[in-house]
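Novice: To start, I am sharing the structure in question, which I have written as structure tokens.
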Amino acid sequence: QVKLVESGGGLVQAGGSLRLSCSASGIDVSFYRLGWYRQAPGKQRELGSGIASGRSTTYADSGKGRFTISRDNAKNTVYLQMNSLKPEGTAVYYCNVHYYQKNYWGQGTHVTVSS
């Protein structure tokens, strides 16, 4: 059974940093593309960053130059380093993997950026 568990969220001032973690079980993250999504209050969930099995990465325009997605295969964990956070980054951040024609999501971790 695939399970994703996010952690690392919290309250941070604008300009600060957070590192989110997505710990996976039931799947070897080194073989699949994992993504970080976020859902701001009253808005739809949107893709923020993704990392493929070959370590190629993609970023939404909102995170380019400030966010870095990475993977530790030994820990079966994907990270999202977020720097220079802005108040509009306040959202629930979710980890996602598409595995055998099914989408799996974690429970999300809350990030609040105060101005």
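The values are calculated or read from the model by the stated rules, or taken from the named source; none is laboratory data. Since we're looking at a predicted model, the values are computed, not measured. Positions of Cβ are generated from backbone atoms using ideal geometry, with glycine treated the same way; all protein chains shown enter the neighbour counts. For the accessible areas, the whole protein counts, side chains as well, though only heavy atoms, and no ligand, DNA or RNA atoms are used. Shrake-Rupley method; radii C 1.70, N 1.55, O 1.52, S 1.80 Å.
Novice: Is it the case that G35 is open to solvent by less than 20 Å² (accessible area, probe 1.4 Å) and of a type in the set (G, A, S)?
Specialist: On the way: open to solvent by less than 20 Å² (accessible area, probe 1.4 Å): yes; of a type in the set (G, A, S): yes.
For G35, the condition - open to solvent by less than 20 Å² (accessible area, probe 1.4 Å) and of a type in the set (G, A, S) - is met.
Novice: Any idea which residue in the range 2-24 is farthest from Y100 (Cα to Cα), counting only those that are open to solvent by 50 Å² or more (accessible area, probe 1.4 Å) and among the polar types (S, T, N, Q)?
Specialist: Within the range 2-24, the first condition is being open to solvent by 50 Å² or more (accessible area, probe 1.4 Å), and the residues that meet it are 3, 5, 7, 11, 13-15, 17, 19, 23.
Filter once more, keeping what is among the polar types (S, T, N, Q): 7, 13, 17, 23.
Numbers: S7: 25, Q13: 39, S17: 34, S23: 19 Å.
Across the range 2-24, the extreme among qualifying residues is Q13.
Novice: Is it the case that some residue within the range 77-88 is touching a Cys at 6+ places or on another chain (Cβ under 7 Å), modelled with pLDDT of 95 or more, within 19 Å of G8 (Cα to Cα) and open to solvent by less than 70 Å² (accessible area, probe 1.4 Å)?
Specialist: Step one: list which residues in the range 77-88 are touching a Cys at 6+ places or on another chain (Cβ under 7 Å), which gives 77-78.
Restricting the remaining residues to those that are modelled with pLDDT of 95 or more gives 77-78.
Now narrow it down to the ones that are within 19 Å of G8 (Cα to Cα): 77-78.
Applying the additional criterion that residues be open to solvent by less than 70 Å² (accessible area, probe 1.4 Å) yields 77-78.
Yes, there is a match, as at least one residue in the range 77-88 is touching a Cys at 6+ places or on another chain (Cβ under 7 Å), modelled with pLDDT of 95 or more, within 19 Å of G8 (Cα to Cα) and open to solvent by less than 70 Å² (accessible area, probe 1.4 Å).
Novice: Could you list all residues from the range 1-14 that are in a loop (DSSP other than H, G, I, E, B), out of contact with any Leu (no Cβ under 7 Å at 6 or more places or on another chain) and either within 24 Å of G89 (Cα to Cα) or modelled with pLDDT of 95 or more (or both)?
Specialist: The one that is in a loop (DSSP other than H, G, I, E, B), out of contact with any Leu (no Cβ under 7 Å at 6 or more places or on another chain) and either within 24 Å of G89 (Cα to Cα) or modelled with pLDDT of 95 or more (or both): V2.
Novice: Hey, any hits in the range 103-114 for a residue that's surrounded by fewer than 16 Cβ atoms within 10 Å (Cβ to Cβ), free of Cβ contacts under 8 Å to residues at least 40 places away in the same chain and not hydroxyl-bearing (S, T, Y)?
Specialist: yes
Novice: Report, by residue number, each residue of the range 68-83 that is free of Cβ contacts under 8 Å to residues at least 24 places away in the same chain and assigned to a strand (DSSP E or B).
Specialist: Within the range 68-83, T68, S70, D72 meet the criteria.
Novice: Among residues belonging to the range 50-73 that are closer than 12 Å to Y32 by Cα and charged (D, E, K, R), point out the one that is surrounded by the most Cβ atoms within 10 Å (Cβ to Cβ).
Specialist: Initially, the range 50-73 is screened for residues closer than 12 Å to Y32 by Cα, giving 50-56, 71, 73.
Add one more test, that the residue is charged (D, E, K, R), and what stays is 55, 71.
On the way: R55: 11, R71: 20.
Checked the range 50-73; the qualifying residue surrounded by the most Cβ atoms within 10 Å (Cβ to Cβ) is R71.
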